[in-house]
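Structure first, commentary second.
The values are calculated or read from the model by the stated rules, or taken from the named source; none is laboratory data. Every value quoted in this text rests on a predicted model; they were computed, and no experiment measured them. Cβ: placed from backbone, ideal geometry, glycine included. Neighbour counts: every protein chain shown. Remember, those area values only see protein heavy atoms, side chains included, never the ligands or the DNA or RNA. Shrake-Rupley method; radii C 1.70, N 1.55, O 1.52, S 1.80 Å.
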Amino acid sequence: MDVVTSWVPVKDHIKSPDIIRRIQEQSWKGLCLKDFGPPKNKGVIATMPFSKGEVVCDYHGEYVTQEEGNRRMEQLFDEACYVFFFAGCGEKVCIDAQHSPCQCHPHQDTFGRRMNHSRRSPNVKPHVFKLPLPEGTRWHPIFLTLKDIQVNEELLWDYGVLCDEGFGGEAAALDWLAS
Ligand SMILES: [Zn+2]
């Protein structure tokens, strides 16, 4: 294959109709939920190999304002937190995935919210892209691989990387999850 003609800039690739459809349907390929048992519980493993820089899935949930996101986080006590603040390109996006299944996908536990934390050896990282979604253009977090990933490898991201300071402390408390 001709490398030059087959090369697609990552941003254009992210905006492809295929990725937009997967966001809408939550129909991501090569992923599977695995229950690791307490205290880690559910996580996401790869069922096919991924190359470095590939799209894995998005972080799916309800878009809320920063103030509303903070308010909802304060209401959580010992519960695991699925309210995330993603920053990128000067924008901050707050997505609440606390409750699963969501109203738009009543028969699914979506993958983004189930990926566990690793500060020491993350293999995926969220990037925020401005995407032409059917409900309008909006900033949306998509996870890309940081390295090649083998079948059965767990997908892990560093919760501290793109979150606001309010969540940084919480992520530090999750260090026991780090592998
Ligand atoms: Zn949904």
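For region 1-156, the Cβ-based charge dipole about the Cα centre amounts to some 340 debye (Lys, Arg positive; Asp, Glu negative; other atoms uncharged). Which residues in region 136-161 place their backbone N less than 14 Å from a point set 7 Å from the Cα of M48 along the Cα-to-Cβ direction? Taking a point 7 Å out along Cα→Cβ of M48, the residues of region 136-161 whose backbone N falls under 14 Å are 149-152.
Using a 1.4 Å probe and counting only protein heavy atoms, arrange F86, F77 so the residue with the most accessible area comes first. Don't skip to the end; give the middle numbers.
On the way: F86 0, F77 170 Å².
The most accessible residue leads, giving F77, F86.
With the whole protein complex present, D109 retains an accessible surface near 40 Å², based on a 1.4 Å probe. In terms of accessible area, using a 1.4 Å probe and ignoring ligands and nucleic acids, Y159, Y59 rank largest first as Y159, Y59. The residues D78, D18, D158, D148, sorted by heavy-atom accessible surface at 1.4 Å with ligands and nucleic acids left out, run D78, D148, D18, D158 from largest to smallest. Here R113 sits with roughly 20 square angstrom of accessible surface, probe radius 1.4 Å.
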